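Colleague: Mind having a look at this structure? Questions to follow.
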Amino acid sequence: MLRKWKQQSPYHLMLIPSLVLVFIFCYIPFYGLIIAFQKYNPGLGFNSPWVGWDNFTHIFNQPNFVRTIWNTLYMSVFKIIGGIIVPVIFALLLNEVLHSGIKRTFQTLVYIPNFLSWVIMAGIMLDILSSDGIINTFLSVFGIAPISFLGTPSIFPWTMIVSEIWKGFGFGTVVYLAALTSIDPGLYEAAVIDGAKRWKQTIYITLPLLMPTIVLMTVLSLGNVLNAGFDQIYNLYSPVVYQTGDIIDTYVYRLGIQQAQYSIGTAVGLFKSIISSVLVAVSYILAYRVAGYRIF
């Protein structure tokens, strides 16, 4: 036991700086949550008047807050669904490509947008979706009038959903392709001997063996169900589409930073964090009960 401790102690000591940094930057800021229960005044600091749950009562009486929750859930749910279905389908199709050069080329092309920040992507989106952009130019060929994808409230959420899936599905494709390579080829050979075609092989071999990875990716995604993409929305939305495009994060930003309502903004952020923690726990339980999959 003593010998094992002597061997491992240098590695444990190397963890100390990281643990100190985590404690300083991740746990000490928790104290700032007290602002959510105060009428915060920067001049008084944390000695500001205590108001209890008044800030939470105030935000729940705000119609804008209920609207942002709906917008966040609406866009997040469809982003998660699309972010699972599209990469799985694309990975299955790409896995059928036998030429390794073509396969890697497509894999690289779909993965590139994942490395670009939403500041860059927003510029690309503005060019593509402008009135004289490539999309509206293509639609004009069929006599369709230019569509304001970023200025029409009913279209804006779907523009965000589709663009988020487009940007991120390359990462999911790589993950699912890696999972597909781990499937035993002998199973497919046995299925061929039994007369199973490609579709049957996919239904009864590929998808069941891919299910643990799909469940894992879904569980990880559910933890972000209240994160509808601040960077994306902030760089692309405008007051014209606040009605359908404003999410919790952009609402907190406007309250806390632009309007200096620190207590209200912190209360909204705390509410979001608590709900997100509950969703992570629920998704973990569902993953275990439905698919028998455990992360920890």
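The values are calculated or read from the model by the stated rules, or taken from the named source; none is laboratory data. Everything numeric in this text was worked out from a predicted model, so none of it was measured. Positions of Cβ are generated from backbone atoms using ideal geometry, with glycine treated the same way; all protein chains shown enter the neighbour counts. When the accessible area is computed, the model is the full protein with side chains, heavy atoms only, and any ligands, DNA or RNA have been set aside. Shrake-Rupley method; radii C 1.70, N 1.55, O 1.52, S 1.80 Å.
Colleague: With label points built 7 Å along Cα→Cβ from the Cα atoms of ILE102 and THR137, find their separation and express it in nm.
Modeller: With each label point 7 Å from Cα toward Cβ, the separation is 2.8 nm.
Colleague: How about segment 70-170: which chymotrypsin sites (Phe, Trp or Tyr not before Pro) there lie in a loop by DSSP and see at most 13 other Cβ atoms within 10 Å? Spell out each step's value before the answer.
Modeller: Values: sites: TRP70, TYR74, PHE78, PHE90, PHE106, TYR111, PHE115, TRP118, PHE138, PHE142, PHE149, TRP158, TRP166, PHE169; in loops: PHE142, PHE149.
For chymotrypsin sites (Phe, Trp or Tyr not before Pro) across segment 70-170 that sit outside H, G, I, E and B with at most 13 neighbouring Cβ atoms in 10 Å, the list reads PHE142.
Colleague: Testing the spin-label approximation: label points 7 Å from Cα along Cα→Cβ at TRP158 and LEU15. State their distance in nm.
Modeller: Going from the TRP158 label point to the LEU15 one covers 5.0 nm.
Colleague: Next up: Let me make sure I get this right: for segment 38-175, a, b and c are the square roots of the gyration tensor eigenvalues over alpha carbons, sorted descending. Under 1.5 in a/c it's rounded, otherwise prolate if a/b > b/c, else oblate. Which is it?
Modeller: Numbers: a/c = 2.66, a/b = 1.77, b/c = 1.50.
Cα axes put segment 38-175 in the prolate bin.
Colleague: To continue, here is another question. Over the chain, what percent of the accessible surface lies on carbon and sulfur atoms, probe 1.4 Å? Mind showing how you got there, number by number?
Modeller: Numbers: 12530 of 18070 Å².
Answer for the chain: carbon and sulfur cover 69 percent of the accessible area.
Colleague: Further question on the same structure: With every protein chain present, what is the per residue accessible area of the chain (1.4 Å probe, Å²)? Could you put the intermediate results ahead of the total?
Modeller: Values: 18070 Å² over 296 residues.
Averaged over the residues of the chain, the accessible area is 61 Å².
Colleague: Ordering GLU164, GLU189, GLU96 by how much accessible area each has at a 1.4 Å probe, largest first, what is the list? Please list the in-between numbers first.
Modeller: Numbers: GLU164 60, GLU189 120, GLU96 90 Å².
The most accessible residue leads, giving GLU189, GLU96, GLU164.
Colleague: Calculated FRET efficiency, TRP53 and ILE85, Cβ-Cβ r, R0 51 Å, to nearest 0.05? Write down the numbers at each step before the final one.
Modeller: Numbers: r = 41 Å, r/R0 = 0.80.
Once rounded, the FRET efficiency stands at 0.80.
Colleague: Here's another thing I want to ask about it. If the cut-off is 19 Å between C-alpha atoms, which aspartates and glutamates fall inside it for LYS79, apart from same-chain ones fewer than 8 positions away?
Modeller: The reachable aspartates and glutamates, counting only those whose Cα sits under 19 Å from LYS79, are GLU164, ASP231, ASP246, ASP249.
Colleague: Using a 1.4 Å probe and ignoring any ligands, DNA or RNA, find the accessible area of LYS197 and quote it in Å² to the nearest 10.
Modeller: Solvent-accessible area, nearest 10 Å²: 150 Å².
Colleague: Now for a different question. Take every Cα pair under 8 Å in the chain that's 6+ residues apart, average their separations, divide by the length, and report that relative contact order as a whole percent.
Modeller: On the way: 287 pairs, mean separation 78.9, N = 296.
For the chain, the relative contact order is 27 percent.
Colleague: Only helices at least 27 Å long along their axis, Cα-based, and averaging -0.5 or more on Kyte-Doolittle count here, so list those DSSP H runs from the chain. Could the numbers behind the result be given before it?
Modeller: Numbers: long enough: 2-22 (29 Å, 0.20); 63-95 (48 Å, 1.33); 156-181 (38 Å, 1.03); 262-291 (42 Å, 1.42).
What comes out of the filter, once short or polar helices are dropped, is 2-22, 63-95, 156-181, 262-291.
Colleague: If you take the charge dipole of segment 161-202 about its Cα centre, with +1 on Lys and Arg Cβ and -1 on Asp and Glu Cβ, which of THR202, ILE183, VAL162 is farthest toward its positive end?
Modeller: Highest projection toward the positive end goes to VAL162.
Colleague: Past the 19 angstrom mark, what percentage of all C-alpha to C-alpha distances in segment 198-296 do you count? Numbers along the way, then the final one.
Modeller: On the way: 2836 of 4851 pairs.
Summing the P(r) tail past 19 Å for segment 198-296 gives 58 percent.
Colleague: What shape does the chain have by the C-alpha gyration tensor, where a ≥ b ≥ c are the square roots of the eigenvalues, rounded means a/c under 1.5, and otherwise prolate means a/b greater than b/c and oblate the rest?
Modeller: Values: a/c = 2.15, a/b = 1.22, b/c = 1.77.
Oblate, because a/c is 1.5 or more while a/b does not exceed b/c.
Colleague: Now for a different question. Can you tell me which of GLY151, GLY172, GLY195 moves the most in a GNM of the chain? Springs connect C-alpha atoms under 10 Å apart.
Modeller: GLY195
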